1. Out of the residues in the range B:64-90 that are under 14 Å from B:L106 (Cα atoms) and outside any strand (DSSP E or B), state the one that is nearest to the other protein chains (Cβ to nearest Cβ).
2. Name the one entry in B:T49, B:T67, B:T85 that is under 24 Å from A:Y49 (Cα atoms), without any contact (Cβ under 8 Å) to a residue 60 or more places away in the chain and hydroxyl-bearing (S, T, Y).
3. With the requirement that a residue be modelled with pLDDT of 95 or more and at the interface with chain A (Cβ under 9 Å from one of its Cβ atoms), what does the range B:91-110 give you?
4. Go through A:K9, A:K41 for me and flag whichever is touching a residue at least 24 places away in the same chain (Cβ under 8 Å) and closer than 17 Å to A:P107 by Cα.
5. Would you please name the residue that is surrounded by the most Cβ atoms within 10 Å (Cβ to Cβ), looking only at residues in the range B:1-17 that are assigned to a strand (DSSP E or B) and of a type outside the set (A, V, I, L, M)?
6. Quick check: is even one residue across the range A:33-44 more than 9 Å from chain B (Cβ to nearest Cβ) and farther than 24 Å from B:D39 by Cβ?
7. Of everything in the range B:40-63 that's within 13 Å of chain A (Cβ to nearest Cβ) and farther than 21 Å from A:T5 by Cα, which residue is surrounded by the most Cβ atoms within 10 Å (Cβ to Cβ)?
8. Out of the residues in the range B:18-39 meeting the condition of being modelled with pLDDT under 95 and assigned to a loop (DSSP other than H, G, I, E, B), tell me which one is farthest from the other protein chains (Cβ to nearest Cβ).
Amino acid sequence: DTEVTQTPKHLVMGMTNKKSLKCEQHMGHRAMYWYKQKAKKPPELMFVYSYEKLSINESVPSRFSPECPNSSLLNLHLHALQPEDSALYLCASSEVGHPGGTQYFGPGTRLTVL
Amino acid sequence: EDQVTQSPEALRLQEGESSSLNCSYTVSGLRGLFWYRQDPGKGPEFLFTLYSAGEEKEKERLKATLTKKESFLHITAPKPEDSATYLCAVEGDSNYQLIWGAGTKLIIKP
């Protein structure tokens, strides 16, 4: 099973709201990722967690706050977002310590910031 | 600088008309080259991972090949359901960080 699940599928929020995106995988992967994808562009890496510790933060604004509560779950907390943050947010997972390991993506959360 | 270039940007084919998509790359220390399919509004769906020049992989109507400079995704006798954007990405010396191409939008007309 190579399934990564994400909730919610769609989210509309105002600029003063606080919301969270959730991601789950049961493949035993210990690396998990958050990506942002704008229309007609490839995914853009935001964060990487390895063994539940943040290992890469691609200079993402602090209004995005990742959390990895355990090896299967990954959250992205959102606060005071801007309209330009509207995008498809993708979660992915892969094996750790395996160079060239395949990243498996979830279906994404379509975020609209009003 | 690590770079991935996909061509063409868009490709329109008649059903059954075979063709190839190209992914040219420049990367220090190739660890893997990945092909994904993406439908509008959905996450990328994994297709293939290639690790070394000369490697080939097949799945249904798709075949991926790899040389030291480029990869091809060959599609044989495509069907309308093969319509999607095909993304190529490489992993070099920077662990976990994929370098992405801009994608090829494939449209198969019945």
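1. Looking at residues that are under 14 Å from B:L106 (Cα atoms) and outside any strand (DSSP E or B), I get B:S83.
2. Values: B:T67 fails: under 24 Å from A:Y49 (Cα atoms); B:T85 fails: under 24 Å from A:Y49 (Cα atoms).
Of the residues listed, the single one that is under 24 Å from A:Y49 (Cα atoms), without any contact (Cβ under 8 Å) to a residue 60 or more places away in the chain and hydroxyl-bearing (S, T, Y) is B:T49.
3. Looking only at the range B:91-110, we keep the residues that are modelled with pLDDT of 95 or more, and these are B:100-110.
The answer is B:W100, B:G101, B:A102, B:G103, B:K105.
4. Working: A:K41 fails: touching a residue at least 24 places away in the same chain (Cβ under 8 Å).
Every option except A:K9 fails the conditions.
5. Quick first cut of the range B:1-17, residues assigned to a strand (DSSP E or B) only: B:3-7, B:10-14.
With the extra rule that they be of a type outside the set (A, V, I, L, M), the set shrinks to B:3, B:5-7, B:12, B:14.
Values: B:Q3: 11, B:T5: 13, B:Q6: 23, B:S7: 13, B:R12: 13, B:Q14: 9.
Across the range B:1-17, the extreme among qualifying residues is B:Q6.
6. no
7. Filtering the range B:40-63 for residues within 13 Å of chain A (Cβ to nearest Cβ) gives B:40-52, B:55, B:57.
So of that shortlist, the ones also farther than 21 Å from A:T5 by Cα come out as B:49-52, B:55, B:57.
Values: B:T49: 20, B:L50: 22, B:Y51: 12, B:S52: 10, B:E55: 15, B:K57: 14.
Residue satisfying both the conditions and the ranking: B:L50.
8. B:S28
The values are calculated or read from the model by the stated rules, or taken from the named source; none is laboratory data. What you are looking at is a predicted structure, and each value in this text was computed from that prediction instead of being measured. Cβ atoms come from the backbone with ideal geometry, glycine included; neighbour counts cover every protein chain shown.
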